[in-house]
Amino acid sequence: MRTLCASTLIGEFFVIGFAGLVAMQLTDLSTATIWTVSGIAMLLTVVLCGMLTRPGGVQLGWALQIALIASGFVVPTMFFLGAVFAALWWASVHFGRKVDAAKARWAAQAEASGDSAGEPVGGTA
């Protein structure tokens, strides 16, 4: 799950940065307002990448997604982007857990067969 969630967060980092540049051209908001909102969100995505494996990391990810949607009150484009990010976060968590379960099964099979390489029995993934 860590890989999918971290990839989503890094993708969000770049999209938020580009959205800030677009918002500067399309809105009447000041540059300082746009970069305060975008900068804080970008910083949080990077910090959260390091916190994913800690207790509550996924819940903090949900809090970030909600905050991104709420930032649409300052930068209206973020309503749409926040909703897309929330959907991506859900997919990362959902499918990441499935990947983790499959890895655990493969490790158990490898341990049971005496294979220490950790590869799935019957081939590679």
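The values are calculated or read from the model by the stated rules, or taken from the named source; none is laboratory data. On a predicted model such as this, the values are computed, not experimentally measured, just so you know. Note that each Cβ is placed from the backbone with ideal geometry, even for glycine, and that neighbours are counted across all protein chains shown. These area figures cover heavy atoms from the full protein model, side chains too; ligands, DNA and RNA do not enter into them. Shrake-Rupley method; radii C 1.70, N 1.55, O 1.52, S 1.80 Å.
Return yes or no: is residue 111 open to solvent by 50 Å² or more (accessible area, probe 1.4 Å), modelled with pLDDT of 80 or more and of a type in the set (Asp, Glu)?
Yes.
Of the residues 72, 56, which is of a type in the set (Gly, Ala, Ser), closer than 17 Å to residue 22 by Cα and more than 11 Å from the chain's Cα centre (by Cα)?
72
When you scan the range 1-88 for helices (runs of 4 or more DSSP H) that lie fully inside it, which ones turn up with 3 or more residues that are open to solvent by 20 Å² or more (accessible area, probe 1.4 Å) and free of Cβ contacts under 8 Å to residues at least 12 places away in the same chain?
Values: elements: 2-26, 31-51, 57-70.
Answer list for the range 1-88: 2-26, 31-51.
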